[in-house]
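Report on the following structure.
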Amino acid sequence: MANIISDETIEYVGILAKLELSDEEKEQAKKDMGSMLDYIDKLNELDTSGVEPMSHVFPVNNVFREDVVTNGDDREAILSNAPEEKDGSFVVPKTFD
Amino acid sequence: MSKEYEVVIGLEVHVELATKTKIFCGCSTEFGGAPNTHTCPVCTGMPGSLPVLNKQVVEYAASVGIATNCKINQNCKFDRKNYFYPDNPQNYQISQLYQPICINGGVEIETEKGGKKTVGIHEIHMEEDAGKLIHDEWGESSLVDFNRSGVPLIEIVSEPDMRSADEVIAYLEKLRMIIQYLGASDCKLNEGSMRADVNLSVREKGASEFGTRTETKNLNSFKAITHAIENETARQIDIIESGGKVVQETRRWDDTKEYSYPMRSKEDAQDYRYFPEPDLVPIVISDEWLEDIKSRQPEFRDAKMARYAEEFDIPEYDIDIITGHKKLADIFEQTVALGANPKKVSNWLMVETMFLLKERGQSPEDVSFSPENLAKLIKLADSKTINNNVAKEVFAKIFDEDIDPEKYVADNGLGAVSDEGELKAVVEKVIAANPKSVEDIKAGKVKAMGFLVGQTMKEMKGKADPGTVNAILKEHFKEYM
């Protein structure tokens, strides 16, 4: 494997993704990420100068909605997905801006 | 202080667009609904839900770009900005990084020295707003309301072209004016429909490199922006003077304590890992569509001022004030179109309306009365059906409740007494009751007549035309005039 993922990198990616990995999982993740980057390197061997980056596979543009209210009050259904609710709101651990 | 410093400021301005629905779903954007009553699977980030772009958002964003001299990116796309925060249910915000809808624009502002300068606009992009967190004072939890989640925003990113708080305010006023004229937003800082983040650094005067900048957030009035700029400038100069280094960070302004403090810790590393949004297809703005948007641009302030000067016989001062707020200009034009005299309409707007707005702590955008009722009031005053004092009283009612003045005057018996016989009788009574004033007038002190006019008005409970009363008195004392 050409790409070696350091402990610091896997730690940092874990923080960004809000994942707490065991030592074992970290080793596996390092290996997986390394091989993914190897694959990217392989793709990078292609000369793509002058080729527009593609973000979508299908040549479809301009899918729009008109600015018309179509949804009513569906709070009960929405809140039924909440692990905990109070006063018509989702409850989350105390958070400050 | 031995050295001279220069402050360098750039702004990120978020503006909530005035669409009826959210940017990616058919939920209402109406302000003030009960928590989570304007939500659906899309704006609460439920797995499997798919966003569909509101066409009006593209039109508003492009129209703001055109009005601020930007180049419109006719091929633009959305990107994902990834971060975790409870007000952001998808764990990403749909925004634009790589191909924002508008780039390379600028607006001209007037500087405090009376000159003009251009503040560059780096880009304008479209994005979605986050939900609102309500902190439980007593409990161990916070509550999330997603009514605001998915409300469309544009973010207007300026170049670091401003050099003082005054220039920042002038720039914001200019943006606000343009956007209000477009009807793309009401731009109320106090309600959060316009928000400004201040990027600020200081450097020694004459230096060519920028200093390290900080970003200050949570500024919801022009006053807060001005104070935060002064405060942050002084803080950075202090650090530099004492040999320290300014740290690049985001700071939060506390409006009551009037100081700012750093907001984020290392746990929220600013690494957003943007990538193209796979759930939304690219936007292609054809030449025809762009021309169509351009052809619908409204008459902006400068053009309006020139037209008013041409069309209406009102002073430049009036024109300046009325066109300073789209709302006032609209009411002015509509009332005049109903046949009212332009100068009289202007007077009601500039004097009484401004007075009542100030008294009620409101801004011109809050004006809610109809041009029809103002036109009727002017007609009532012109025909002397009501006198000026009554007109003011009725206007306050129109201002607050948009009442029909004709009906109100009739219902409350406020019509002026124009029957000369009845008025004369009252004047005679007042003359008889005030021999001292009569003596004064006879002795040549004509001013004493004013007192008699006042007494008559009082006797008539304000329902007489002071001009007519004056005329009757003059007639009575004509040999002493």
**Message:** If the requirement is being outside any helix (DSSP H, G or I) and over 36 Å from the mean Cα position of the chain (by Cα), which of these qualifies: B:Val446, B:Val430, B:Val438?
**Reply:** B:Val446
**Asked** Taking region A:54-97 on its own, how many of its residues are more than 7 Å from chain B (Cβ to nearest Cβ) and either closer than 18 Å to B:Glu30 by Cα or among the small types (Gly, Ala, Ser) (or both)?
**Response** 4
**Message:** Given the criterion assigned to a loop (DSSP other than H, G, I, E, B), within 30 Å of A:Val57 (Cβ to Cβ) and either outside the structural domain of B:Lys55 (by TED's automatic domain parsing) or modelled with pLDDT of 90 or more (or both), identify the matching residue among B:Asp279, B:Asp271.
**Reply:** B:Asp279
**Message:** So in region B:48-57, with the set limited to residues that are surrounded by fewer than 24 Cβ atoms within 10 Å (Cβ to Cβ) and more than 17 Å from A:Asp74 (Cα to Cα), which one is farthest from the other protein chains (Cβ to nearest Cβ)?
**Reply:** B:Gly48
**Request:** From the list B:Lys392, B:Lys407, B:Lys461, pick out the single residue that is of a type outside the set (Val, Ile, Thr), loosely packed, with under 12 Cβ neighbours inside 10 Å, modelled with pLDDT of 85 or more and under 25 Å from B:Phe355 (Cα atoms).
**Result:** B:Lys407
**Asked** Does B:Ile229 satisfy being away from chain A (no Cβ under 14 Å) and within 26 Å of the chain's Cα centre (by Cα)?
**Response** yes
**Fill in**
Log entry, pairs with first residue in region A:1-18 being farther than 17 Å from B:Lys81 by Cα, second being of a type in the set (Ser, Thr, Tyr), beta carbons closer than 9 Å, six or more apart or on different chains, reads A:Met1/A:Ser35; A:Asn3/A:Ser35
**Asked** Which of the residues that make up region B:130-156 are part of a loop (DSSP other than H, G, I, E, B), surrounded by fewer than 22 Cβ atoms within 10 Å (Cβ to Cβ) and touching a Ser or Thr at 6+ places or on another chain (Cβ under 8 Å)?
**Response** B:Ala130, B:Asp136
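For every residue, the table says whether it meets (1) more than 12 Å from chain A (Cβ to nearest Cβ); (2) part of a loop (DSSP other than H, G, I, E, B).
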residue	(1), (2)
B:His14	yes, no
B:Ala18	no, yes
B:Ala34	no, yes
B:Met46	no, yes
B:Glu59	no, no
B:Asn69	yes, yes
B:Phe84	no, yes
B:Asn104	yes, no
**Request:** Report yes if B:Phe24 is among the aromatic types (Phe, Trp, Tyr), in a loop (DSSP other than H, G, I, E, B), farther than 30 Å from B:Arg213 by Cβ and more than 10 Å from chain A (Cβ to nearest Cβ), otherwise no.
**Result:** no
**Request:** Just give me the residues in region A:74-97 being more than 25 Å from the chain's Cα centre (by Cα) and part of a loop (DSSP other than H, G, I, E, B), in sequence order.
**Result:** A:Asp74, A:Asp87, A:Gly88
**Exclusive hit being closer than 16 Å to B:Val168 by Cβ, in the same structural domain as B:Pro262 (by TED's automatic domain parsing) and hydroxyl-bearing (Ser, Thr, Tyr), set B:Ser242, B:Ser221** = B:Ser221
**Request:** Kindly indicate whether any position in region B:23-31 is closer than 27 Å to B:Ile156 by Cβ, assigned by TED's automatic domain parsing to the domain that holds B:Gly150, crowded, with 22+ Cβ neighbours inside 10 Å and among the aromatic types (Phe, Trp, Tyr).
**Result:** yes
**Prompt:** Being touching a residue at least 12 places away in the same chain (Cβ under 8 Å) and within 14 Å of chain A (Cβ to nearest Cβ), is that true of even one residue in region B:165-184?
**Reply:** yes
**Message:** Could you go through region A:47-56 and let me know if any residue there is modelled with pLDDT of 95 or more and either among the aliphatic types (A, V, I, L, M) or over 30 Å from B:Pro86 (Cα atoms) (or both).
**Reply:** no
**Asked** In this structure, is B:Ser142 of a type in the set (Ser, Thr, Tyr) and within 18 Å of B:Glu215 (Cβ to Cβ)?
**Response** no
**Prompt:** Which ones in region B:340-385 are in contact (Cβ under 8 Å) with a residue 60 or more places away in the chain and over 14 Å from B:Leu328 (Cα atoms)?
**Reply:** B:Lys384
**Message:** Looking at region B:132-157, I want the residues that are more than 8 Å from chain A (Cβ to nearest Cβ) and have a partner that is polar (S, T, N, Q) with Cβ atoms under 7 Å, at least 6 apart or on another chain. Which pairs are those?
**Reply:** B:Asn147/B:Asn36; B:Asn147/B:Thr37; B:Asn147/B:Thr39; B:Ser149/B:Thr44; B:Val151/B:Thr29; B:Pro152/B:Thr19; B:Pro152/B:Asn54
**Asked** Among (1) within 22 Å of the chain's Cα centre (by Cα); (2) part of a helix (DSSP H, G or I); (3) surrounded by 15 or more Cβ atoms within 10 Å (Cβ to Cβ), which single condition is B:Lys223 missing?
**Response** (3)
**Item:** The one condition in (1) under 30 Å from B:Phe300 (Cβ atoms); (2) crowded, with 16+ Cβ neighbours inside 10 Å; (3) within 14 Å of chain A (Cβ to nearest Cβ) that B:Trp253 fails to fulfil
**Value:** (1)
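The values are calculated or read from the model by the stated rules, or taken from the named source; none is laboratory data. None of the values given here were measured: they were computed from a predicted structure. Don't worry about glycine lacking a Cβ; one is built from the backbone with ideal geometry, like all the others, and counts go over all protein chains shown.
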